[in-house]
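Written below as structure tokens is the structure these notes are about.
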Amino acid sequence: MVATYLDALGEFHRRRAAADGRDWRARLDSLAPAGPSLEAALRSDPVHVAVIAEIKRKSPSKGWLAADIDAVTLARQYEAAGAAAISVLTDTEHFGGALDDLRAVSSAVSVPRLRKDFTVCENDILDAAEAGAGAVLLIVALLTDAELSRFSRLATQVGLDALIEVHDAPEVDQARAIGATLIGINQRDLHSFHVDTDRAARLAASLPDDVVRVCESGLASRSDVERAAAAGFHAVLVGEAFVTSPDPAATVREFASVAR
């Protein structure tokens, strides 16, 4: 199988995890309660598409998008504009984020926070909980079946929701096999970087009615959000369109006004 950009990122984070000597089991008893539930927030409005607004300084493919972001200021703007949740990228090397961003945002807003990172070990999940997240991202393409199941169970144990990210039909099957109720469909092909909205719509249609469907990647305009809503998505996760907008709050309000 041809390696993808995600493979390289996964290898980087596995090396980081291997160097982390903390005993995650010893940390369990000292964890504070997790932040508010992402899944509950995405289910709360049956009329409009829920917006997960992301704090994203750069990307591996495009470089710096907004290097001077103040995470707290932007998160407060997102919340005031109607974002259902805030996604905080905490990968430093490739996305310019940090766990300190998540800690600061968690102290500043009341809507749920998603730790957006490449979760490859138990300590990643516990770090998310300690920093005030209400959810973690689990990317099926990065994990073995055993890891996906184990990390999902641990997230539930410590009070976090798990947003399970998939890219294709076999990964949908893997997500359904662990009973996932919150599934993000990444519209971007791992090999070509091409955004395929038709494939994403087919994958969304294959999910049971009780699953919350989140559309990820390639959402640059209101019409993109409307297309996602028509395909049956309950929520969208958007970063670049917001951080590069001259008025992020206005763009969030526009996206959040789209009917389901």
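Some notes on this structure:
- When a 1.4 Å probe is rolled over the protein heavy atoms, the share of accessible surface on segment 38-136 that falls to carbon and sulfur comes to 48 percent.
- Protection proxy ranking of 121-132, 81-92 - average other beta-carbon atoms within 10 Å, highest first: 81-92, 121-132
- Per-residue SASA entry for Trp64, accessible area with 1.4 Å probe, Å² rounded to 10: 150
- Looking at the chain alone, DSSP beta bridges between its own residues are antiparallel in about 10 percent of cases.
- With an a/c value of 1.5 or above and a/b larger than b/c for the gyration tensor axes a ≥ b ≥ c computed over the alpha-carbon atoms, segment 57-102 is described as prolate.
- Residue-normalised accessible area of the chain, given per residue in Å² at a 1.4 Å probe: 42
- Surface share of carbon and sulfur [accessible, 1.4 angstrom probe, percent] for segment 158-248: 48
- Evaluated with a Cβ-only charge set (Lys, Arg +1; Asp, Glu -1), the chain carries a dipole of roughly 200 debye about its Cα centre, given to the nearest 20.
- The stretch between Ser44 and Ala220, if pulled fully straight at 0.36 nm per residue, gains 60.9 nm over its current Cα-Cα span.
- Option label - P(r) over Cα pairs in 10 Å bins from 0, in percent computed here, alternatives (1) 7, 29, 32, 19, 10, 3, 0; (2) 6, 27, 36, 24, 6, 0; (3) 7, 33, 40, 18, 2: (3)
- Derived scalar couplings ³J(HN,Hα) [segment 37-52; Karplus, 6.51 cos²θ - 1.76 cosθ + 1.60; whole Hz; x for Gly, Pro]: 6, 5, 4, 4, 5, 6, 8, 6, 10, x, 9, 10, 5, 7, 10, 9
- Fully extending the segment from Leu190 to Trp64, taken as 0.36 nm per residue of separation minus the present Cα-Cα distance, adds 43.3 nm.
- Selected from Ala75, His167, Ala204, residue furthest toward positive end of dipole (the chain; charges at beta carbon): Ala75
- Calculated FRET efficiency, Arg15 to Arg76, Cβ-Cβ distance, R0 = 35 Å: about 0.50 to the nearest 0.05.
- Listed peptides 103-112, 49-58 by packing density, highest first (mean Cβ within 10 Å): 49-58, 103-112
- Of Gly179, Gly96, Gly239, the residue with the greatest mean-square motion in the GNM of the chain, using alpha carbon springs below 10 Å, is Gly179.
The values are calculated or read from the model by the stated rules, or taken from the named source; none is laboratory data. Small disclaimer: the values here were computed from a predicted structure and weren't measured. Neighbour counts are summed over all protein chains in view; Cβ atoms, including those assigned to glycine, are modelled from backbone coordinates with ideal geometry. Accessible surface areas use protein heavy atoms only, side chains included; no ligands, DNA or RNA. Shrake-Rupley method; radii C 1.70, N 1.55, O 1.52, S 1.80 Å.
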